[in-house]
Amino acid sequence: MSTYHTIQTKAEGLYKEKGSKFLAFAFPVSSESDVKLIQDDLRKQFYDARHHCFAWTLGMDDQTWRANDDGEPAHSAGDPILGQIRSFGLTNVLVVVIRYFGGTKLGVGGLINAYKTATEEALKKVKKVAIYETRPIVMKFPYDAMSTVERLISDFDIEVKKRDFQLSCEIQGNIKKDLISTFEEKTADLYTVEFIIDNDASL
């Protein structure tokens, strides 16, 4: 699969059970640094809460992820949060569920349901956005091929990163992985333009 989904903006959810409140916050993230900054901010904002449980996923095919129970019984908080992220088909997402203890223990089953439901309440509100797996592409060409290259950029929705028109023309960008084979077929007879696609890397 080369198309993935993340969330566009922050979303919140709330679940209450036997006096305990579970506040869920979902955030789009692109790095572990983003995760840490958000977590630090939430810990300052909700300094008096008993637990800050969380899960996050980053990346595409080879996703990195983490789930943390933050003092709750093992696998009763982080895993249910992570399960909901995956159930909604998302990546590049952090969900933190903050618990204010209400004085009555819920048991492991009750906690699993609480963290799962709070996360679900937040993720039901998000707007999904598609993110595509891409590969770097470099196009080298003479000036008289400019219109042809620009048309290819438009037709194949190539994300241009850099243009260099000094000695010769060179454009660097990203092409969606799913479109590479079609692109190569379309340009097979285009001898005035040199295309270099790095199939082993993504930007």
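Any read-out appearing in this document is the output of simple, stated calculations on the displayed coordinates, not a laboratory observation. Predicted model only: the values in this text are computed from it and were never measured. Because the Cβ atoms are built from the backbone with ideal geometry, glycine has one as well, and the counts that use them run over all protein chains shown.
From the cross-link list 140/176; 10/176; 16/36; 140/177; 21/125, which pairs have alpha carbons spaced over 23 Å apart? Over 23 Å apart, Cα to Cα: 10/176; 16/36.
Summing charges over neighbours of residue 164, with a neighbour being any other residue whose Cβ is under 14 Å away from its Cβ, gives +2 when K and R count +1 and D and E count -1.
The residue list 172, 182, 143 was ranked by how far each Cα lies along the charge dipole of the stretch 134-197 toward its positive end, using unit charges on Cβ atoms, and 172 comes out on top. Across the stretch 18-156, the convex hull enclosing all Cα atoms gives 133 Å³ per residue.
Between residue 195 and residue 44, the simple label model (points 7 Å from Cα in the Cβ direction) yields a spacing of 4.9 nm. If you take all other residues with their beta carbon under 9 Å from the beta carbon of residue 110, and give Lys and Arg +1 and Asp and Glu -1, the sum is +1.
Between residue 113 and residue 159, the FRET efficiency from the beta-carbon distance, with R0 = 41 Å, is close to 0.45.
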